[in-house]
1. Between residues in the range 420-438 that are open to solvent by less than 70 Å² (accessible area, probe 1.4 Å) and residues that are at pLDDT 85 or above and of a type in the set (Phe, Trp, Tyr), which pairs lie under 7 Å by C-beta distance while being six or more apart or on different chains?
2. What number goes with the only condition from (1) over 22 Å from LEU489 (Cα atoms); (2) in contact (Cβ under 8 Å) with a residue 12 or more places away in the chain; (3) hydrophobic (A, V, I, L, M, F, W, C) that ALA273 does not pass?
3. In the range 56-88, how many residues are at negative phi, over 34 Å from the mean Cα position of the chain (by Cα) and not in a strand (DSSP E or B)?
4. Among the residues of the range 367-382, write down those that are more than 16 Å from ALA511 (Cβ to Cβ) and assigned to a helix (DSSP H, G or I).
5. Identify, please: which residue in the range 321-354 is open to solvent by 50 Å² or more (accessible area, probe 1.4 Å) and of a type in the set (Asp, Glu) and is, among those, nearest to LEU21 (Cα to Cα)?
6. Please go through the range 38-55 and pick out each residue that is over 31 Å from the mean Cα position of the chain (by Cα) and crowded, with 18+ Cβ neighbours inside 10 Å.
7. With GLY288, GLY308 as the choices, which residue is open to solvent by 40 Å² or more (accessible area, probe 1.4 Å) and touching a residue at least 12 places away in the same chain (Cβ under 8 Å)?
8. Condition first: over 12 Å from PRO494 (Cα atoms), aliphatic (A, V, I, L, M) and at pLDDT 95 or above. Can you find one or more residues in the range 288-307 that meet it?
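The values are calculated or read from the model by the stated rules, or taken from the named source; none is laboratory data. This one's a predicted model, so the numbers in the text were calculated from it and none came from an experiment. Note: ideal-geometry Cβ built from the backbone for every residue, glycine included; neighbour counts use all protein chains shown. Ligands, DNA and RNA are excluded from the accessible area calculation, which covers all protein heavy atoms including side chains. Shrake-Rupley method; radii C 1.70, N 1.55, O 1.52, S 1.80 Å.
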Amino acid sequence: MLVRDGIDDVDRGEVAALTALMARRGPDDRGQWDDGSCALGFRRLSVIDLTEAGHQPMATPDGSHVLVFNGEIYNHRELRRELEAEGCRFRSRSDTEVVLLALATWGRDALARFNGMFALAWYRPAERALLLARDPVGIKPLSWWWSPEAFVFGSQYDQVVRHRRCERSRVDDDVLGLYLRLGFVPPPYGLIRGTGQVEAGHWLEVLPGRAPQTGCFRSLAEAPPPAERLRGRAADEAVAEAVDAAVARQLVSDVPVGVFLSGGIDSPLVASAMVRATADPVQAFSIGTDDPAMDESAAARAYAEVLGVEQELRTIRGEDALGLLDDVAHAYPEPFGDYSSFPTLLVSQLAAEHVKVVLSGDGGDELFWGYPRFAKVRRARRWFGLPTAARYGAYAASKPLPTHRRPARGILFPTLGDWYLDAHSGVRDADLEQFAPQLAGLPPGFDRFDLAGLPSDDELLQWVRRNELGCHLPMVLQKVDRASMFHGLEVRVPLLDLEVADLAARVDPTAALQGATGKVVLRRALARHVPPPIGSRWPRRASPSRSAAGCAKTCAPWWRIGSSGPTPSPAGPSTARRCAAGTRSTSMAATARGGSGTCSPCSSGPTSTAGRSLPRRWGRREARDPGGEPPRRRLGDLPARPGHDARRGRPPGHRARAAARSGDRARRRGHLVRPAAAAGREPAAVGGAGGRGSPARPRRGGSSSAPGSAPRSGRHGPPSRPDRSSAPSPTSCTSGSAASAWRWPTPSTCWRRPSWW
């Protein structure tokens, strides 16, 4: 608090009362400081340097600079070395002291050198100048209220509006209308007149009796020209390395660090990088629901099993959500309309029972075009090149068509920007004009959704990315911050690390968004280390061609799936090589994760080498690179519930019925389905590639047990557990293998497009 006429005892008591409102954010320590003009209060959550040396408010020895700081600076060790070289002397190991001395030494220019999440207030008593700043992504909140008599700031909005001088009845109608649309109040706005929020990457400076002045010290990087962007393997490698480095950087802590783990893409990617970056056991925290349509707990359990983390799983039911109403009301003192705050609050409570810090996977969708709406708007872009009347006519004429063939209803909006605003809105303009016409407007200067004309495909994708970072990501971060700090838990977001965010701007949209599938580079980074589990929404494509011309398979490392889950085979590693001799089938070698070695020629023909031509269907790219990409296969099967088809989620008996129907069709076409032995050859192993009507092919993932065995017609024979004693050698490709197992691709086969892509 900064008061024009000076701090008195009433002001000091009020600062203490407002500081107490955030006691749950900082349960470990509290402090207060004032010089007669400015009063600062602080609650501390001790993470780095747990001693009294990290106490705040923190001042320099001569008292010329005072700081209160919320967050973490991940590059504080590098900055400490630079400051020591300039003659600074430190009294603690705290990153707070690094921030204080950096500001004292470099001034406001120091803000752009911080890589971390932070909200800070820097006061200079000699000038009576107070400067607020917020990190470039906006992870940590910072609200303020100003009048000519006083300036108040805090980490929570209810702190500033509870000041005795704040007139809480002066609601801003434009901001209220914006809240009803978006479900939250984005920076820099405040619901009460005279209040606001410091924008991400901005500073705000105030002197007693003067209006606040603001400016930007660092913004997120913009996309370079298309010729300078990252694509293909270069993008995959750069993103994977940046994520690994960010996770390792954000593990710096003097208290245990855990990780949130869901069944999606982002948090498992963070968890896998965390497992590789630390030798300590990793604790993961997950939430399940009693709604099968929303529950990801099965996929989260599969991830935890593969990664080898210690998982804590808690299920939330409808009655549990009702019991959380009071906690949600206390955790979100300002209006907030995202119902996912309930599970976020619950998983934060679960994690806070074990650790003080967790890593989260937030930010991947916004940075790498992960939301389905990106592809939807992209597909509809061309419609906005037509007059409005033509779009209305086309939409009306499409009514008889199936839903998937109709254009989106959004083409009826005047511009793409209007449609995108409606897609983010909980209340539409037409409804607001009916029940609250005074709220139908938008705040002056709010231009986030302005997009006139017909942009190019690249311009549109860059625009929606900026829009998500500015209008949707703040809601996600606000939700997580309120829920986690309500339980005294610090959440770090490695995917929003400044180095990752700047790199994401250099990634071309074509490397991250392919068709309706987003976050492609993150999916590939995850596929290096983690196979797709049950329930994760991985894109599926058809199996490799089974024609004679396209029958070659990859002799590569694979995961063997047993009855109790995925376990690395002790057989040892092998190198991904392609069997390009035109053989009809090969048997995949089961190996340990991340191995490399050699592959001997299979019994049906030689293994391809650098100088050998590859099958035509692999195209020129694979012909240039003998390492190539793995064959495209269906989603790898995981151990499923008894009597349940894990690959398609279908009931027992489906495969048998499908096999019978396939056999009937073959007989009607006049094809005779014969045992393999009758054809004069051994039965094929995994992935046999006989053409239509050819002698009996083995079902996917299995093979006939011996020559002369009963025929298996069709593609969907019932799966059986293989005899592991007859499993093929990891260094050979064996045609006619007696048994095989379902397998996952390992990292060395997934540096390009994964086989399940």
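1. If the second residue must be at pLDDT 85 or above and of a type in the set (Phe, Trp, Tyr), the pairs left are TYR420/PHE449; LEU421/PHE449; ASP422/PHE413.
2. Tallying (1) over 22 Å from LEU489 (Cα atoms); (2) in contact (Cβ under 8 Å) with a residue 12 or more places away in the chain; (3) hydrophobic (A, V, I, L, M, F, W, C), ALA273 fails exactly one: (1).
3. Let us first name the residues in the range 56-88 that are at negative phi, namely 56-62, 64-70, 72-86, 88.
This time we only want the ones that are over 34 Å from the mean Cα position of the chain (by Cα), so: 57-62, 64-66, 83-86, 88.
Subsequent filtering for residues that are not in a strand (DSSP E or B) retains 57, 60-62, 64-65, 83-86, 88.
Here the count works out to 11.
4. Narrowing the range 367-382 to residues more than 16 Å from ALA511 (Cβ to Cβ): 371-373, 376-377, 379-382.
Correct list: PRO372, ARG373, LYS376, VAL377, ARG379, ALA380, ARG381, ARG382.
5. ASP327
6. Once the filter is applied, which keeps residues that are over 31 Å from the mean Cα position of the chain (by Cα) and crowded, with 18+ Cβ neighbours inside 10 Å, the range 38-55 yields CYS38, ALA39, LEU40, GLY41, PHE42, GLY54.
7. Details: GLY288 fails: open to solvent by 40 Å² or more (accessible area, probe 1.4 Å).
Every option except GLY308 fails the conditions.
8. We begin by selecting, within the range 288-307, every residue over 12 Å from PRO494 (Cα atoms); these are 288-307.
Narrowing the set further to residues that are aliphatic (A, V, I, L, M) leaves 293-294, 298-300, 302, 304, 306-307.
In the following step, the residues that additionally are at pLDDT 95 or above were identified as none.
So far as the range 288-307 goes, no, none of its residues is over 12 Å from PRO494 (Cα atoms), aliphatic (A, V, I, L, M) and at pLDDT 95 or above.
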